1. Give me Rg/Rg_expected for the range 23-173, where Rg uses Cα atoms only and Rg_expected = 2.2 N^0.38 Å with N residues.
2. Could you identify which residue out of 244, 137, 219 has the top mean-square fluctuation in a GNM of the chain using Cα springs shorter than 10 Å?
3. Relative contact order for the chain using alpha-carbon pairs under 8 Å, separation at least 6, rounded to a whole percent?
4. With contacts defined as alpha carbon pairs under 8 Å and 6 or more residues apart, what's the relative contact order of the range 10-80 in percent?
5. Give me the distance between the Cα centres of the range 128-145 and the range 162-222, rounded to whole Å.
6. Using Cα pairs closer than 8 Å and at least 6 residues apart in sequence, work out the relative contact order for the range 53-174, in percent.
7. [x] 41; [y] 44; [z] 64: which one is percent of Cα pairs over 26 Å apart as calculated from this entry?
8. Quick check: from the Cα gyration tensor, does the range 135-275 come out rounded (a/c under 1.5), prolate or oblate?
């Protein structure tokens with residue numbers, strides 16, 4: 001199937017990861033961890049995931065004028081991602097994330113935004129024609145919220161499908177919801193955005209309805225190893241994920257969203273797209289790292 005164009009607007013970080021038996025308690029120092037360094041950032045992770053799964057991806061981001069930024073740009077080009085709209089901030093360093101992964105594959109993350117925090121709504125002006133050319137626009141929240149809002153406005157004005165992965169969760173202006181084709185929070189992000197509990201099936205349905213009442217066309221709440229809950233004009237239903245042994249859950253949500261964008265851009269139904277994204281995310285958690293864990297299209301046949 002011909003690749004459909006996907007525009008990703010978001011962050012790029014360098015992930016510095018320590019894999020340890022457990023998370024340290026406050027004031028505790030743990031010895032014996034293993035150190036890794038990977039390219040990361042939610043926007044970059046989703047762009048790479050989409051490109052590896054067959055999407056024709058353009059990435060809008062801002063990097064620092066440093067070795068991390070230079071390495072990131074080279075990596076995007078190696079992945080076949082269009083980098084014409086990746087900007088350089090001469091004053092701020094590239095973003096960095098410090099990640100701890102425990103023996104169960106769970107993670108904690110602290111991010112220093114750096115140049116990601118200086119990608120402004122005005123920076124999108126030079127890429128307005130790209131919003132008209134693309135099929136699907138994929139957004140996250142590791143860049144300034146006004147920039148996310150402007151990107152959604154430009155895409156919606158051009159009649160494009162806008163997917164918002166609201167991570168890390170924060171307060172959003174209600175005006176953005178009407179521009180969204182799809183929102184993809186996990187449980188905690190859904191609770192933060194709505195103020196509602198997401199503990200059981202009825203609560204998940206209520207949260208999904210909250211988003212749709214705000215103007216979002218379709219809702220996918222990701223549930224980790226349990227798969228995802230989908231809610232649209234047909235109502236709500238669960239879509240299971242393949243069972244795997246998790247090694248590192250870092251960027252599983254990013255792989256899910258990148259895969260979802262590819263499948264929807266190719267014309268899959270929402271349920272088919274979520275099944276495809278579940279398989280991609282499941283395969284990613286069996287590997288260490290963020291972008292390094294993103295699977296290629298041919299690898300998904302191992303989970304069919």
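1. Working: Rg = 16.7 Å, N = 151, 2.2 N^0.38 = 14.8 Å.
Its radius of gyration relative to the 2.2 N^0.38 Å reference: 1.13.
2. 244
3. Details: 719 pairs, mean separation 57.5, N = 304.
Computed over the chain, the figure is 19 percent.
4. Values: 77 pairs, mean separation 26.1, N = 71.
Relative contact order of the range 10-80: 37 percent.
5. Centre-to-centre (Cα) distance: 19 Å.
6. Result for the range 53-174 is 20 percent.
7. Entry [x].
8. Working: a/c = 1.37, a/b = 1.24, b/c = 1.11.
Judged from the Cα gyration tensor, the range 135-275 comes out rounded (a/c under 1.5).
Taken together, the values in this text are just the output of simple stated rules run on the coordinates, not laboratory data. On a predicted model such as this, the values are computed, not experimentally measured, just so you know. Methodologically, a virtual Cβ is constructed for each residue, glycine included, from the backbone with ideal geometry; neighbour enumeration extends over all protein chains shown.
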